[in-house]
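Participant: Please find one structure pasted underneath; my questions will follow.
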Amino acid sequence: MAGGKSIILITVDCLRADHCGFMGYRHPTTPFLDGLAGESFVFPAAIVAGVPTYYSFPAILASRYPLAFGREVLGLAVEEKNLASVCKKNGYATAFFGAGNPYLSARFGYDFGFDTFRDFLDGDLAQLSAPDDETPKRGWEGSVNRALAGITHKIPGISAAYDELYFQYCQRWAAPAPKSLDTLRRFPAADVIVDQARAWLASVGEDPFFLWLHFMDPHSPYYPTEKGLEIFGDNGLTVSRARYLNGYWNRFDIGSKRLRRHRDEVIEMYDAGIRWVDAQIEQLVEVLRRSKLWENCILAFTADHGEEFLEHGRRYHAPSLVEALIHVPLMVRAPGVRKKAVSKSPFSLLHLSPTLLGAAELPVPAEFQGQNQWQNLQAGTAWNASAISDCVAGCTNPFRPEQRRGSRLLAVREAQYKLVLNFNTQTDSLFDLEADREEQQPLPASAAKGERRRLLESALAHLRTSVDRQNSSAYVRARLREIGLNLANAGRG
């Protein structure tokens, strides 16, 4: 039997918690969601189970820690129970529309449980995902540059000047003039995804449904829509300037000090992407209201991870467990439920799927590692468990299996204390987040020994659970799929 309430899960790539108005941000990135927060549960400390996308979503969709099946398993296991499959089994119509993230694809098991699965990786929107060239085409220009770079990098004091000259040449003269921000953008914008969702909703009728939307608008390179810039507060950004800023921000031949010159402008482009997502969610909700579906919808809004803007000298979202990456927004709205304050204790997104199923009065699979916290939310009571996040350090391209076998990073976070373990350096760093929210100064080894011991014990229990789960049939199926994919790739080579 189908449950009564429909579920909408909205995830945004690279969205930091502190860049949402309902989380205290001073810029107008989320005016619609800020209003919706007045009737929703807003989580002060939602924590992802891993960074980046490929280490985050196993927990969000299947309530499983990302490394529970080992370092070599990427995505979901074959036919692994997840939020969509539970909904489908209980009579729901199910659909996913995602803006071209290659890690959220059928290749990695995310299509299981969906009647409709559109990841926009099929070439249908090639014009949206193929940006104008930003560097000279390969040929004699590239050969000359490589030769000159090889020579100048051997001469002290010359290499930096040459790198700067070549960057300016690429940006100002060599690359063709971009026609618009749309031609530079690498992912479908939020309006494309919402238009697809609207068409699908029109076909569902009155049956309960599960709809998952994944937006990429804040993802680098940061090319917001023209309309997104306009409603955010157009600062006169030109197409050429946007390309220059993205090229500059992506440089790895200069240090943080020089990058900071353009940090604020880069963040404005990032924020404009968030603003466009907010506007499209407003459009989606309006459709649901006109269709008289809204009052039967549970809506969850969150992110797979945040984004770094030089807080620790880094950019983007390479595997790391700093707060800027693991602390994400989370808002849950349920019809007919009175809003109550949410505990400041960390809420792992491992618990999100079981909690949404609980809100819809649907069964929670025994295989889920997370807990249904719906009753705690309704009662306004706290939960005491810590939130654990882990990933593989240095795994920036998981399509290369050897990168997945690196050393683990693991963080155990409580409301006040956070312990980060680096298995490569065999070190642990304890932070007092109340006194040091930016994680700039780990506590000395002699401080907070009781807290350090408690968090270490939590880490050890987590690692033991991961080892136990590697013996499961789901792990074996996942490994068989990985081996098959690797053999297929080798055959193409």
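Participant: Between Ile231 and Asp182, what FRET efficiency follows from the Cβ-Cβ distance if R0 is 22 Å, with the result rounded to 0.05?
Facilitator: 0.85
Participant: Give me the tail of P(r) for the stretch 212-259 as a percent: Cα-Cα pairs with distance above 15 Å.
Facilitator: In whole percent, the long-distance tail amounts to 57.
Participant: Accessible area per residue of the chain at 1.4 Å probe, in Å²?
Facilitator: 43 Å²
Participant: Pop out the ³J(HN,Hα) list for the stretch 447-458 in order, Karplus 6.51 cos²θ - 1.76 cosθ + 1.60 with θ = phi - 60°, rounded to Hz; leave Gly and Pro as x.
Facilitator: 9, 6, 5, x, 5, 4, 5, 4, 6, 5, 5, 5
Participant: Can I ask one more? For Gln283, what charge total do you get from the other residues with a beta carbon under 15 Å from its beta carbon, if Lys and Arg give +1 and Asp and Glu give -1?
Facilitator: -1
Participant: Considering only DSSP beta bridges with both partners in the chain, what is the antiparallel share in %, to the nearest 5?
Facilitator: For the chain, the DSSP antiparallel bridge percentage is about 55.
Participant: Can you work out the FRET efficiency for the pair His262 and Asp207, with r the C-beta to C-beta distance and R0 = 56 Å, to the nearest 0.05?
Facilitator: 0.70
Participant: Using helices alone, I'd like the mean residue ellipticity at 222 nm for the chain: each DSSP H run of four-plus residues gives -39500 (n - 2.57), total over residue count, nearest 500. Can you show the working numbers first?
Facilitator: Details: 17 runs with 180 residues, N = 493.
Rounded to the nearest 500, the figure is -11000 deg cm²/dmol.
Participant: Evaluate the relative contact order of the stretch 330-395 (contact order divided by residue number), counting alpha-carbon pairs under 8 angstrom at least 6 apart; express in whole percent.
Facilitator: Over the stretch 330-395, the number comes to 40 percent.
Participant: Also: Excluding Glu438 itself, what net charge comes from residues whose Cβ is under 9 Å from its Cβ, given Lys and Arg +1 and Asp and Glu -1?
Facilitator: The answer is -3.
Participant: What full-extension length gain, to one decimal in nm, is calculated for Tyr316 and Arg290 as 0.36 nm per residue of separation minus the Cα-Cα distance?
Facilitator: Numbers: separation 26, 0.36 × 26 = 9.36 nm, distance 3.86 nm.
Once the chain is fully extended between Tyr316 and Arg290, it gains 5.5 nm.
Participant: Then there's this: Contact order normalised by length for the stretch 338-444, with contacts defined as Cα pairs under 8 Å and 6 or more residues apart; what percent is it? Don't jump to the answer; show the numbers that get you there.
Facilitator: Numbers: 167 pairs, mean separation 20.8, N = 107.
This gives 19 percent for the stretch 338-444.
Participant: Please compute the Kirkwood hydrodynamic radius over the stretch 1-116, one decimal place, Å, based on all pairs of different Cα atoms.
Facilitator: One over the average 1/r among Cα pairs gives 16.0 Å for the stretch 1-116.
Participant: Given an 8 Å cut-off on Cα distances and at least 6 residues of separation, report the relative contact order of the chain as a percent. Before the final figure, lay out each step's value.
Facilitator: Numbers: 946 pairs, mean separation 125.7, N = 493.
Relative contact order, the chain: 25 percent.
Participant: What's the local net charge at Phe423, with K and R +1, D and E -1, over the other residues with C-beta under 13 Å away?
Facilitator: Every neighbour counted, the sum reads +1.
Participant: So for the pair Ile155, Phe423, with labels modelled 7 Å out along Cα→Cβ, what separation do we get in nm?
Facilitator: 4.8 nm
Participant: Under the rule of at least 5 residues apart or a separate chain, name every residue whose amide H is placed under 5 Å from the amide H of Val342.
Facilitator: Val42
Participant: Residue separation times 0.36 nm, minus the C-alpha to C-alpha distance between Trp383 and Arg400: what's the value? Write out the running numbers ahead of the final one.
Facilitator: Working: separation 17, 0.36 × 17 = 6.12 nm, distance 3.86 nm.
Answer, rounded to one decimal: 2.3 nm.
Participant: For Val12, list long-range residues whose amide hydrogen, built 1.01 Å from N in the peptide plane, is under 5 Å from its own amide hydrogen.
Facilitator: Those lying under 5 Å, H to H, from Val12 are Phe215, Thr302, Ala303, Asp304.
Participant: Oh, and also: Leaving out ligands, DNA and RNA, and with a 1.4 Å probe, what % of the accessible surface on the stretch 389-446 is carbon or sulfur?
Facilitator: The nonpolar share, carbon plus sulfur, comes to 45 percent.
Participant: Another one. Determine ³J(HN,Hα), in whole Hz, for all residues of the stretch 222-236 in sequence, where each value follows from phi through the Karplus function 6.51 cos²θ - 1.76 cosθ + 1.60 and θ = phi - 60°; x replaces Gly and Pro.
Facilitator: The phi angles translate into 8, 10, x, 6, 4, 5, x, 4, 5, 6, 6, x, 4, 9, x Hz.
Participant: While we're looking at this one, here's another question. Please compare each pair in Lys5/Lys340; Lys81/Lys449; Lys257/Lys418 to a cut-off of 30 Å on the Cα-Cα distance and tell me which ones are over it.
Facilitator: Lys81/Lys449
Participant: Under 13 Å Cα to Cα from Lys179, which aspartates and glutamates show up? Leave out anything in the same chain fewer than 8 places away.
Facilitator: In chain and number order, the partners are Asp132, Asp133, Glu134, Glu226.
Participant: Each residue of the stretch 268-276 in order: what ³J(HN,Hα) in whole Hz does its phi give by Karplus 6.51 cos²θ - 1.76 cosθ + 1.60, θ = phi - 60°, with x for Gly and Pro?
Facilitator: 4, 5, 4, 5, 5, x, 5, 4, 5
The values are calculated or read from the model by the stated rules, or taken from the named source; none is laboratory data. In this text the structure is predicted, and so the values were computed from the model without any measurement. All Cβ positions, glycine included, derive from the backbone under ideal geometry; neighbour counts span all protein chains shown. Quick note on the areas: whole protein, heavy atoms, side chains included, nothing else; ligands and nucleic acids left out. Shrake-Rupley method; radii C 1.70, N 1.55, O 1.52, S 1.80 Å.
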